[in-house]
1. Just one of (1) 20, 56, 23, 1; (2) 21, 48, 25, 6, 0; (3) 20, 52, 25, 3 is P(r) over Cα pairs in 10 Å bins from 0, in percent calculated from these coordinates, so which is it?
2. Distances over 13 Å make up what percent of all Cα-Cα pairs in region 12-51?
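Please treat every number below as a calculation from the coordinates, not as lab data. Fair warning: this is a prediction, and the values are worked out from it, not measured in the lab.
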Amino acid sequence: MQKQTVNCLHSRARAEIYTHGGRVCGWHRRLPVVYAVPPLSGPVWPVVKMVEVIRGVRKVTRTSNIDGCTVIWR
């Protein structure tokens, strides 16, 4: 993706997250991925939970898609 397109997707997702009370922790430079803390009232957007098993330890990662940008909730 072009840098301008990725930046546009990042800014749209950040604006949407901040509007609903969430906080953005960071983002990937070249991919449309944003890391964020969900609002205190809970996620406003549909959440997909992915379970990773690494050396017997399960880790649940919650993700959402906001305006074409993947949001990984922390």
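1. (2)
2. On the way: 433 of 780 pairs.
Tail of the P(r) past 13 Å holds 56 percent of the pairs.
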